[in-house]
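Peer 1: Dropping a structure here in structure tokens format, bear with me for questions.
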Amino acid sequence: MKSILLFIALMLCINTNKATTIESNSKGSIGRKSAGCKGLGICLAANANEGELNLIFRYDNTDSKLFILIDEKEVIDKQSSAIDYLRGKNSFLLDEDVVLPSKIVTSLSLKNALLTKGSYPLHYQDGKFILVITR
């Protein structure tokens, strides 16, 4: 009987400790693709190069939220002109739709590869700007 109770307790621990967030990285910059990656938006890079920002895509599958984390220091070092778009703001306006790379869609098990244009909540925490996409 004790072994059955121990087994049940272990199974409950395993099930409740499942990861609810999944992460994937991509390179890109702050800007609109149609405007040569200038302005406000997210311009994802087809080929990574040194000047691109490391964008962390984190998907929380418990409440279907996609977070895009952008390191403040990286923005200052690699794309200082974009820092004014992010600092002190509580929303981020995507001027145009953004198609996520298939690597991101597959690794995060997303149903939709499109981030539609519009205004999204933006937070700052621990040196990172966090864009919140509710799906």
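The values are calculated or read from the model by the stated rules, or taken from the named source; none is laboratory data. From a predicted model like this one, the values you see are computed outputs, not experimental measurements. We place every Cβ from the backbone using ideal geometry, glycine too, and count neighbours over all the protein chains shown.
Peer 1: Scan segment 81-95 and report the pairs whose first residue is over 16 Å from LEU53 (Cα atoms) and whose second residue is exposed (fewer than 12 other Cβ atoms within 10 Å of the Cβ), with Cβ atoms within less than 8 Å and a gap of 6+ or a chain change.
Peer 2: SER91/SER119; PHE92/SER119; LEU93/SER119; LEU94/THR116; LEU94/SER119
Peer 1: Let me ask something additional. Search segment 49-104 for residues being assigned to a loop (DSSP other than H, G, I, E, B) and touching a helix residue (DSSP H, G or I) at 6+ places or on another chain (Cβ under 9 Å), and hand back the single one that is modelled with the lowest pLDDT. Break it down into steps so the answer makes sense when it comes.
Peer 2: Pass one, segment 49-104, residues assigned to a loop (DSSP other than H, G, I, E, B): 49-52, 61-64, 79, 87-90, 95-97, 100-101.
Filter once more, keeping what is touching a helix residue (DSSP H, G or I) at 6+ places or on another chain (Cβ under 9 Å): 50-52, 87, 95-96.
Details: GLU50: 66, GLY51: 74, GLU52: 87, ARG87: 91, ASP95: 83, GLU96: 87.
It comes out as GLU50.
Peer 1: What is the residue count in segment 100-129 for residues that are among the hydrophobic types (A, V, I, L, M, F, W, C) and touching a residue at least 40 places away in the same chain (Cβ under 8 Å)? Before the answer, list the steps.
Peer 2: So the first thing to find is which residues in segment 100-129 are among the hydrophobic types (A, V, I, L, M, F, W, C), and the list is 100, 104-105, 108, 110, 113-115, 122, 129.
Filter again for touching a residue at least 40 places away in the same chain (Cβ under 8 Å), leaving 100, 104, 108, 110, 115, 129.
So the count comes out to 6.
Peer 1: Can you tell me how many residues within segment 78-97 are closer than 12 Å to LEU40 by Cβ and of a type outside the set (Phe, Trp, Tyr)? So that I can check it myself, show each step before the final result.
Peer 2: Filtering segment 78-97 down to residues closer than 12 Å to LEU40 by Cβ leaves 81-82, 84-86, 89, 91-96.
Pick out the ones that are also of a type outside the set (Phe, Trp, Tyr) and you get 81-82, 84, 86, 89, 91, 93-96.
Residues that pass the stated criteria total 10.
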